[in-house]
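Take a look at the structure below.
Every number in this text was worked out from the coordinates using simple rules, so none of it is lab data. Only a predicted model underlies this, so the values are computations on that prediction, with no experimental measurement involved. Neighbour counts are summed over all protein chains in view; Cβ atoms, including those assigned to glycine, are modelled from backbone coordinates with ideal geometry.
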């Protein structure tokens, strides 16, 4: 089982622990979160890239991983992802580099 | 040894490494930190919940774990913790969700 | 017109600019935000204090002002607010002090 | 002179104060910053939107204003900007709302 | 009255509003804060520069102003300050640039 | 292989994954990052301490580790590092303590 599958399985397992509490506010937030990346005037694909850059400048590894997988699935090329991650690096500074390193490690696995 | 005991043992071990340096400023900061959560005009219990929400919006897993354990010991119910974590989620956004997942994983262990 | 009234009028004016866009996701987020502070297992009063501390450690003046006004209206005493703001100061560090200063300036006006 | 012109004039005036120091590192950083938003595999237009969302979740009013103006000039519609700002709101939480309000105030002026 | 004097007067006025509350924890925090920048194994001068860079990457204008004034009084040259601010810019990214601009505006006044 | 060697080897391995993409902006950023800590009007040694404090208040374990190792190699004593980390603790608050603990764990290994 690769990094991607392991990540998605663990994410799903923990989401179940959150959602089984059945808290209305939290469930609605999860729904808003999903809805924000649906196709609209902007494509879902372009919103995934927004999510990737937002996650990188806020330096959340799990969020970066999630959006990176979605971005690759949506068809972004490696060069396009480089350019988006470069925007995140310039905005967020060298403090984002450890997260960038882990992003490229995952990209390396996804590409092989 | 469960997640809670392991967490507390490691925290204690590392605190000793910090405090054996005997730096006056750091020791005083640790004292201020403990004092902030004592009973006063607000109960220590209600301050632990403030600590939990502050830790969640600032996205520090160790701090969340610490205050979550203290909150459960102080007698908060699962539903009350859900409501506090929901405030943190709304204030801090989806970037807090990975931390929320790990909080619920610990809560799940503490409840069993 | 005092600081409080001015703040609330401006906040209302700008909220109208946001909401007249009629974007479903944003409107739902605003609803979730309001709902998070309603009475539940935890009182609305205690959730306002959570909002105040979260806003302080995240260093958002407008959010601090809003929750401070609500906290005073909900009946918190000055001493109770001092203790909650002290938790925020210890968690968030000296970088929160400029926000603390402006919080106390507003409290000073609200008290007179 | 409207908000946009005033903002751009002040930004230019202060940039001159920074750059007249002639510090090589800072000048190179400013160049990297400009280069990050040029057309490449991703269009400059789509990178401006990345910059807008990054600025919003990091809660920097000046950065939001700058990218908002560029996004409007690049041809984004109000609805497209709503969707991008909604992603930022969901990722960054209610703590971004005061910045969102000011973003919509500027958008309101730009539209008129 | 220049920017520096105005800043210091306002800071002092608001500090009085905080400290007249006479909250033990807050007073002790203010003392710890002052003590952290005293001469020790590291000079007070070198600690002011640490404070300046910390304030810049955390993007707090008031904190930047305070440490910038102290750094100039401690005898740092413009070139030394440029190098320190460049470290902050690289670590913290372009999101710090609006704060950098305001720092250089104050430096410009302090130099004249 | 100790913590230090393991950290440096992993850092090098992942840097290779980033740099083999050969993205001009990212490579230039890495160069700016290295250049920022070179000897200039301020010594490289004093800039490493700036990097350490900036990394601590921004709460990035990898960045703290990197600058801590460089600071020890540059000849800072334990007492000097205590004072710098104390500045970071006061500025950044108790939310930095988990990172401080891990910093002292590494220092403990480096000293033995």
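Worth a mention:
- Cα gyration tensor shape of region C:56-102, rounded if a/c is under 1.5, else prolate or oblate by comparing a/b with b/c: oblate
- Whole-number percent relative contact order across chain B, with pairs defined as alpha carbons under 8 Å at least 6 apart: 28
- Springs between Cα atoms under 10 Å define the GNM used for chain D, and in it the highest mean-square fluctuation of D:24, D:58, D:68 occurs at D:24.
- Column: log10 I(q)/I(0), Debye, Cα scatterers of chain A, q = 0.11, 0.17 Å⁻¹: -0.38, -0.89
- Crossing angle, helix C:44-57 versus chain C [Cα axis fit, 0-90 degrees, rounded to tens]: 80
- Gained length - residue F:19 relative to residue F:35, 0.36 nm times residue gap less alpha-carbon distance: 4.1 nm
- Rounded tilt (10° steps) of B:78-92 against the dominant C-alpha axis of chain B: 80
- Per residue convex hull volume, Cα atoms of the protein assembly as shown, in Å³: 158
- Computed from the C-beta positions of residue C:27 and residue F:45 and an R0 of 41 Å, the FRET efficiency is 0.15 to the nearest 0.05.
- Cβ nearest the rotation axis (E onto C), residue from chain E and distance to the nearest whole Å: E:59, 5
- Between region D:1-71 and region F:15-35, the C-alpha centres lie 22 angstrom from each other.
- Residue with peak Gaussian network fluctuation, chain B [Cα springs, cutoff 10 Å], from B:92, B:40, B:25: B:25
- Chain D: angle of helix D:61-74 to the longest principal axis, Cα-based, in degrees nearest 10: 80
- Mean silhouette area of region E:21-76, derived from the convex hull of its C-alpha atoms and averaged over all directions, reads 4.5 nm².
- Taking other C-beta atoms within 10 Å as the exposure proxy, C:87, C:72 rank C:72, C:87 from fewest upward.
- Using R0 = 56 Å, the C-beta based FRET efficiency linking residue A:77 and residue D:3 works out to 0.90.
- For residues of D:43-51, the mean tally of beta carbons on other chains within 10 Å: 5
- Inter-copy label distances at residue F:11 (7 Å, Cα→Cβ; nm, one decimal): 2.9, 2.9, 3.4, 3.5, 4.5
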